[in-house]
Amino acid sequence: MLFLPILALATSAVALTRNPAHVNKRHLLEAAKPRTNLNTRQAPPSYNGTNTTYIVPQNANTTKFAVNGSALPDVDFDIGESYAGLMPIGGSNSSEMYFWFVPSANELAGDEIVIWLNGGPGCSSLEGFLQENGPVLWQYGTYKPVRNNWAWSNLTNMVWVEQPAGTGFGKRVGPKPTNEIEVAAEFMGFWKNFVDTFSLHGRKVYVTGESYAGDYVPYIADAFHNATDTEYYGIDSIMFYGTDFTPTMPDPSVSYDVVTNDIPAVPFVDAHTDLFNFNQTFMDDIHTRWETCGYKAFYEEALTYPPTGKLPTPPNVNGDEVGCNIWNDIYYAAPLINPCWDVYQVATTCPLLWDVLGFPGSFDYLPPGAEIYFNRTDVQTAINAPIQPWEECTSGVFARGGDKSPPSGLSVLGRVVEKNQRTIIGHALLDFILLSEGTEIMIQNLTWNGAQGFSCRQDNDFYVPYHSEGDLGSLGGAGNFGRWHEERGLTFVTVELSGHMVPQYAPTAAYRQLEYLLGRISSLSEVSDFTTQTGDYGNGFNFTTTNVTMSISEKF
């Protein structure tokens, strides 16, 4: 058809401005290739020179990392006690990783700590800190930072780590890693020094993250399990979102982009037709190619419950079959209709919002006169960061040739699930950069604890409690927010009304999932208040009483 070459010409300029770097899709930056009431956190003391009681023991090792919680530029409230700076990997490796540690005043958090990792590879976890689950939020399009009612530090001790070394403020000395084994080994060196510095020995460790952290988290957890050292590496459970199981290496023989993108792309567009608004000619074309490329048959076989056996090699696994890179065609066509379309959250429309981190979605965008927050000298000084240029996503954190490890879903994930107390994989349903059904296909082909895949699809409602809102700057939804299923220690949960970064788009949903990860609630269907709120918000209401079931005529 002539439509597609014409489409490629029309979209090449658009494609050059779009930035899908969070999930290892920097190749899309090249010219288009048409076929290719939690009112506050629980009042911890602040490190502002006026308090004498601290959560973390005060000594020369810890105070040098202390951040004055009342002196962050543009933040007009005290974020409380926290510590940040560069921590060495140690040994013969003189590289360093930047971290920001927020201890929790929650009395249940005494023996645990949660690690948060953003993806990329090369995307800073300070994005998570400032726009997802940290104590302060400066979301794109908003006037100034506000207190985060749904900060994960309300529940537990939190540390955000920029890794691998060379990400963000991190310092890389010597050779870059070539695979996830080396990345995990470096993280273990950092972690041992971090634990020693803050006297966190013997803690239960939870590793969490999003996007490319779908590889980071399982590989790091595997290394922690293999260390058999609970003083430093007492891994308990893991959770990750928007999972990218694709390595960065260019060798397509182990690249499963086709599973996470092309194969489920057309069903995704069908489910969200009004958000794409494609003409019928384009819709007919992608449906025809979805079938002729073998995607429909594979999709139907892969999403069989229970699975009937290991899946065959996916069609177009090398990504070189003419006419079969359907995800790319959708990606380039969507912004022609909606120029503010966001691959991370497909319900986004114009206007294009500015972002204090310079990355409000599909586009790198910083209007004239605006500054990237962590690139400011006053901010860097306040958070014990080196005075240097900072960008949200750094390219080239792996050696040339990229990450040569197989995706975690084809390697370590199964055995990690078996060793963990709990493993949660969450996926947003408005995310097009990585599609939820691609993750489901991975799970259905995964073997753990003596069986393959799930016996049925998500069969339980995911309930987010009704709650008190602290203020209008940090809101979160409530009610049935998705579906979930759990077998043999693995939980998969979908999140409605959310884009790729679940703690950002659906903060209360992510908060509830963290409560489950930590064992604070019995299941993701539990109808109860958040564990950090008390009050009558309606979560205990009995909807079967006669007052509720009386007829409409009786009510009106």
In segment 484-542 the accessible area split gives carbon plus sulfur, as whole percent at 1.4 Å, a share of 50 percent
Given 448-455, 225-232, the highest-first ranking by average Cβ count within 10 Å works out to 448-455, 225-232
Once both labels are modelled 7 Å past Cα along the beta-carbon direction, what's the SER395-SER522 spacing in nm? 5.3 nm
Unpartnered cysteines - no second Cys beta carbon under 4.7 Å - across the chain: CYS456
Residues with amide H under 5 Å from that of TRP354, placed H, sequence gap 5 or more: GLY141
Pseudo-spin-label distance LYS419 to GLU300, built 7 Å along Cα→Cβ, given in nm, is 4.1 nm
Non-local Lys pairs in segment 79-518, i.e. 8 or more apart or on different chains, that have alpha carbons under 20 Å apart: 5
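Where Lys and Arg each count +1 and Asp and Glu each count -1, what net charge lies around GLU437 among other residues with Cβ under 12 Å from its Cβ?
For residues surrounding GLU437, the net value is -4.
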Residue-wise, which Karplus ³J(HN,Hα) couplings in Hz belong to segment 336-350, taking 6.51 cos²θ - 1.76 cosθ + 1.60, θ = phi - 60°, and x for glycine or proline? 5, 8, 10, x, 9, 4, 10, 5, 7, 8, 6, 8, 6, 10, 5
Extending each Cα 7 Å along its Cβ direction at THR447 and ASP76, get the distance between those two points in nm, one decimal. 6.1 nm
How much length would be gained if the chain were fully extended between ASN277 and ASN318, taking 0.36 nm per residue of separation minus their Cα-Cα distance, in nm to one decimal? 11.8 nm
Which value in deg cm²/dmol, rounded to the nearest 500, describes the helix-derived mean residue ellipticity at 222 nm for the chain, given -39,500 (n - 2.57) per DSSP H run of n ≥ 4 and division by the residue count? -7500 deg cm²/dmol
Apply the Karplus parameterisation 6.51 cos²θ - 1.76 cosθ + 1.60, with θ equal to phi minus 60°, to every residue of segment 118-130 and state each ³J(HN,Hα) to the nearest whole Hz, in sequence, with x for glycine and proline. 7, x, x, x, x, 8, 6, 6, 5, 4, x, 5, 8
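How far, in nm, would the chain grow between THR53 and ALA347 when pulled straight, counting 0.36 nm per residue and subtracting the alpha carbon separation?
Full extension of this stretch gives 101.2 nm more.
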Express the carbon and sulfur contribution to the solvent-accessible surface of segment 190-318 as a percent, rounded to the nearest whole number, probe 1.4 angstrom. 48 percent
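Length gain on complete extension for the stretch ASN460 to HIS287, per 0.36 nm per residue less the alpha carbon to alpha carbon distance?
59.2 nm
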Rounded to the nearest 20 debye, dipole of the chain from Cβ charges on Lys, Arg, Asp, Glu: 680 debye
I need the peptides 419-427, 305-313, 386-394, 113-121 ranked by packing, meaning the mean over residues of other C-beta atoms within 10 angstrom, with the highest value on top. 113-121, 419-427, 386-394, 305-313
Output the antiparallel fraction of DSSP beta bridges having both residues in the chain, as a percent to the nearest 5. 50 percent
Of TRP484, LEU155, PHE169, farthest towards positive along the dipole that unit charges on Lys, Arg, Asp, Glu beta carbons give the chain: PHE169
Skip the ligands, DNA and RNA, and give the accessible area per residue of segment 79-518 with a 1.4 Å probe, whole Å². 31 Å²
Descending packing, highest mean Cβ count within 10 Å first, for 162-169, 177-184 is 162-169, 177-184
So for R0 = 60 Å, FRET eff. of ASP378-SER468 from the Cβ-Cβ r, to 0.05, ends up at 0.95
Please label the shape of the chain as rounded, prolate or oblate, based on the square roots a ≥ b ≥ c of the eigenvalues of the alpha-carbon gyration tensor (a/c under 1.5 means rounded; beyond that, a/b larger than b/c means prolate, else oblate). rounded
If amide H atoms are modeled at 1.01 Å from N in the peptide plane, then the residues at a separation of 5 or more from PHE363, or on another chain, having amide H under 5 Å from its own are ASN19
Leaving out ligands, DNA and RNA, and with a 1.4 Å probe, what % of the accessible surface on segment 359-423 is carbon or sulfur? 47 percent
Given H placed 1.01 Å from N in the peptide plane, which residues other than close sequence neighbours of GLY482 have an amide H under 5 Å from its amide H? PHE462, GLU496
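The values are calculated or read from the model by the stated rules, or taken from the named source; none is laboratory data. What you see is a predicted model; the values in this text were computed from it and never measured. Here Cβ is always computed from backbone atoms with ideal geometry, including for glycine, and neighbour counts include all displayed protein chains. The accessibility values were calculated without ligands, DNA or RNA, using every heavy atom of the protein model including side chains. Shrake-Rupley method; radii C 1.70, N 1.55, O 1.52, S 1.80 Å.
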